[in-house]
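What follows is a set of notes on a single structure, which appears directly below.
Bear in mind these aren't lab numbers, they're just calculated from the coordinates by the rules spelled out. Bear in mind the structure is a predicted one, so any value in this text is a computation, not a measurement. Backbone-built Cβ (ideal geometry, glycine too); neighbour counts: all protein chains shown.
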Amino acid sequence: MEHLRQVLEANPYPGRGVLWARTRSGALCGGYFLTGRSPASRSRVLLRGEGELTVAPSSPTERDSLRHYSAVREGADWLVFGNGEQVATIAERLGDGALPTVALDELDYEPDPPIFTPRISVVVGLGTPGTAWFGAARRSSSRRPASNRLTLSVTDLEAGDCVLMTTYVSDGREITTGAPFVEARIDAGDRDEFVDEIWTSLDPGLRVAAAAFEPGQVEAAVIRQVNSVAPVG
């Protein structure tokens, strides 16, 4: 199994990514990162809120639902994180009593031709944090307009195990939809080391922000990011 650093360094432009890992000390930890090529994609920050982390513009601008959204949301029973506005939808469904597999269903990829970015999400039950459900809504490689939907249940991670989903895979020139999921190993002993492992593995010219958080402790998330200017308004 490859190391997370090798996986990310071999993918120059992964887009956005969600991770679920067990650190070397045994703690379960979620991770989220953003990379960007355009000025608009790079002009973003991760902001802390009550029970959530939000991707927001780093300078005053109109809100764009594809670039600005609640990336991490935590309720009384569930932790949800992902790469778009579907995070709020999933959290609402879970709050209404839906099972994780149901809450992750009936989502669609982003309407951003020609790449049609996948929507990737993770659900973790706070009562049973040993299980995480990954969900992805992806456009078919045959160009069928309907979404292909994947749900993956991850259990019993051992210390140093990590599961990763990214929106894209790239060789530095061509960009295509990322693999359904990748298993990797990490060296991190805690969430601080985990976010640093993610951050330093991303291309310095493209990385925007990364965060690591333990279930039930989203407000104590560790964040690394390029921009530090809070949005106005």
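Here the extension length gained between residue 228 and residue 24 equals 70.4 nm, from 0.36 nm per residue of separation less the Cα-Cα distance. Charging the Cβ of each Asp and Glu at -1 and of each Lys and Arg at +1, and nothing else, the dipole of the range 4-225 about its Cα centre rounds to 720 debye.
Each peptide in 168-181, 118-131, 90-103 was scored by the mean count of other Cβ atoms within 10 Å over its residues; highest first, the order is 118-131, 90-103, 168-181.
A simple rule links phi to the HN-Hα coupling: the Karplus curve 6.51 cos²θ - 1.76 cosθ + 1.60 with θ = phi - 60°, which for the range 25-41 gives 7, x, 7, 7, 8, x, x, 9, 9, 10, 10, x, 9, 7, x, 5, 5 Hz, with x for Gly and Pro. Computed from backbone phi, the HN-Hα couplings of the range 74-87 come to 10, x, 5, 10, 9, 10, 10, 8, x, 9, x, 5, 5, 4 Hz, rounded to whole numbers (Karplus: 6.51 cos²θ - 1.76 cosθ + 1.60, θ = phi - 60°; Gly and Pro given as x).
Note on residue 2 and residue 141: with the Förster distance fixed at 30 Å, the Cβ-Cβ geometry gives a FRET efficiency of about 0.80. Taking 20 Å as the cut-off, no amide N atom of the range 120-148 comes nearer than this to a point 7 Å along the Cα-to-beta-carbon line of residue 173.
When the Cα gyration tensor is reduced to axis lengths a ≥ b ≥ c, the ratio a/c is 1.5 or higher for the range 164-233, and with a/b not above b/c it is classed as oblate. Taking the range 164-205 and a reference point 7 angstrom along Cα→Cβ of residue 66, the backbone N atoms nearer than 18 Å belong to 167-169, 175-178. Take the alpha carbon atoms of the range 155-233, find their center, do the same for the range 24-44, and report the distance between the two centers in whole angstrom. Using only Cα atoms to place each centre, the spacing works out to 4 Å. Taking only the C-alpha atoms of the chain, Rg followed by Dmax gives 16.2, 46 Å.
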